[in-house]
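The values are calculated or read from the model by the stated rules, or taken from the named source; none is laboratory data. These figures come from a predicted structure and were not determined experimentally. When we count neighbours, we look across all protein chains shown, and the Cβ atoms used for this are built from the backbone with ideal geometry, even at glycine. Heads up: the accessible areas ignore ligands, DNA and RNA and are worked out on the full protein's heavy atoms, side chains in. Shrake-Rupley method; radii C 1.70, N 1.55, O 1.52, S 1.80 Å.
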Amino acid sequence: MRISARADYAVRAALQLAAAQEGGPLKAEAIADAQDIPHKFLEGILNDLRRGGIVLSQRGGNGGYRLARPAQSISIADVIRVVDGPLVSVRGVRPPDLTYTGPAQSLLPLWIALRSNVREILEGVTLADVASSHLPAEVSALTRAPGAWTNP
């Protein structure tokens, strides 16, 4: 599984908004500068997040962006889905829509299991969890698995 630059930037922008949730709206330029995201690219992402119900925008001198609902009610999966679509696909197809034959038949349950695990993690972690540096215990435990931090 790959996390696109678009998804990474969207999550980072949403986290910046989560950290500033008690203050007023943040301007796109401030988010871009704080997270080192190209401003023009971020504008498109923020528009997608607005259309997807993750952020609200406010025009004017005191305008900017803010989360549409509390950070604890927005999962990382919510953000990724808005900008990139399904969390797991194979050749752009969702696993339940795939068919395999012969020795490849067992691939389908493998892709379904992968999707299930990705969903469990990304749906179980909210913007508030990440912004506060308090990941759920089961997610933190996965980072301590042998080989978690090494590339094969």
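Annotations for the structure displayed:
- Carbon/sulfur fraction of accessible area - the chain, other protein chains in place, 1.4 Å, %: 53 percent
- Where (1) 14.9, 48; (2) 17.6, 63; (3) 19.5, 70 are the candidate values, the label of the one calculated here for Rg and Dmax of the Cα atoms in Å is (2).
- Spin-label zone in the range 1-41 - amide nitrogen under 20 Å from a point set 7 Å from the Cα of Ala148 along the C-beta vector: 1-3
- Taking the helices alone, the chain has a mean residue ellipticity at 222 nm of -14500 deg cm²/dmol, built from -39,500 (n - 2.57) per DSSP H run of at least 4 residues and averaged over all its residues.
- Annotation for the range 59-152: chymotrypsin sites (Phe, Trp or Tyr not before Pro) lying in DSSP loop with at most 14 further Cβ atoms inside 10 Å of their Cβ are Tyr100, Trp149.
- GluC sites (Glu not before Pro) restricted to DSSP loop in the range 9-113 with at most 15 other C-beta within 10 Å: Glu22
- Accessible surface, the chain, averaged per residue in Å² (probe 1.4 Å): 61 Å²
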